[in-house]
Amino acid sequence: GDDHQRSKQLERLKVVMRLFNFFDSQEATAPITLVESDGHKELESLQRASRNRVVAVDIASLPARLIAETVFQPHLPAIFEEILSFSGSELYLTQTLQELAVEPSSFETIASRVHGGIAIGLQKTGQKTVINPDVGTICEKSDSLIVLADDDSSIAVTPADATDLVPGYVAEKKLSIVARRHADQIRVLFLGISDSTLLIMRLLRDSNP
C-alpha cells in the first residue's frame, strides 16, 4: 500500500484475489509475492485465494514463539541472528530430489552425499516439514532437503554411484545453479505494510544488490 497504516485481514485477502485473477486473465507469470498474515486461518485463506502462489508469513505466532524459546535457552538469540541474517550460514530449501536427479534413499544416505552444506531436514509432500528426521527415513522424489549452508549456490548432491566427492561434478552443479539464479533478477511484490516491512525490504535489497 501507499500509506503507513496496518493492513486489515479482509483487505489483504481481497488484494490477493484481485491480483492473481489479473495475472491469470493476462496469462502472466506472477512474481514472488510476500503477504503478511495475522494467524493460521488467514494464512490458509491467502494460500487458497492464490492457489498456493504466495509466500504467507504468520506475523502473529513467529515472534512470540522465538521470544518464548529464548526465555528457556538464553543463548538462542545469537543463533537466530546467525541463521536469519544474510551473512554467514542460512537455511535453504533445495529443489526436489527428482529435480536434483537423486534417487530415493534413506535420509542418512542422501545427507552423506550433500556437499557445501549440512542437511538437517526434509520438506515432505504436502508441505510437511521434518527437522532432524530419523536416519532411516525414506526421502521420496517429491521431497526437498533443508540445508544449512553459506549460500544455496554452494550446495550440491553427488550421484548415487559416486563413492566420494567428485570435484568436477560439484563445480558443474555450482555453475549451473549460479547461472539459473542470475538468469533474471528476483522480483518480490509486497502486499500490505506493517512495522517490519521496511526492515524486510532493506534485507532483501542488501542480499540482492
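The values are calculated or read from the model by the stated rules, or taken from the named source; none is laboratory data. Values in this document were obtained by computation on a predicted structure and should not be read as measured data. Cβ placement follows ideal geometry from the backbone for every residue including glycine, while neighbour counts extend to all protein chains displayed. Areas reflect the complete protein model, heavy atoms only, side chains present, ligands, DNA and RNA absent. Shrake-Rupley method; radii C 1.70, N 1.55, O 1.52, S 1.80 Å.
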Mind checking which residues of region 18-45 are free of Cβ contacts under 8 Å to residues at least 12 places away in the same chain, among the acidic types (Asp, Glu) and closer than 30 Å to residue 79 by Cα?
44
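Looking for something of a type in the set (A, V, I, L, M, F, W, C) and closer than 16 Å to residue 13 by Cα - is there at least one such residue anywhere in region 66-75?
No, region 66-75 contains no residue that is of a type in the set (A, V, I, L, M, F, W, C) and closer than 16 Å to residue 13 by Cα.
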Might you let me know whether region 87-101 holds any residue that is without any contact (Cβ under 8 Å) to a residue 24 or more places away in the chain and under 26 Å from residue 141 (Cα atoms)?
yes
If a residue has to be more than 13 Å from residue 158 (Cβ to Cβ) and open to solvent by 40 Å² or more (accessible area, probe 1.4 Å) to count, how many in region 97-122 make the cut?
6
Working carefully through the options 19, 13, 91, find the one that is closer than 24 Å to residue 152 by Cα, modelled with pLDDT of 85 or more, among the aliphatic types (A, V, I, L, M) and open to solvent by less than 100 Å² (accessible area, probe 1.4 Å).
91
Applying the selection to region 24-45, what residues are in a loop (DSSP other than H, G, I, E, B) and more than 12 Å from residue 12 (Cβ to Cβ)?
26, 27, 28, 29, 30, 31
For region 46-67, give me each residue that is part of a helix (DSSP H, G or I), open to solvent by less than 70 Å² (accessible area, probe 1.4 Å), free of Cβ contacts under 8 Å to residues at least 24 places away in the same chain and not small (Gly, Ala, Ser).
47, 63, 66
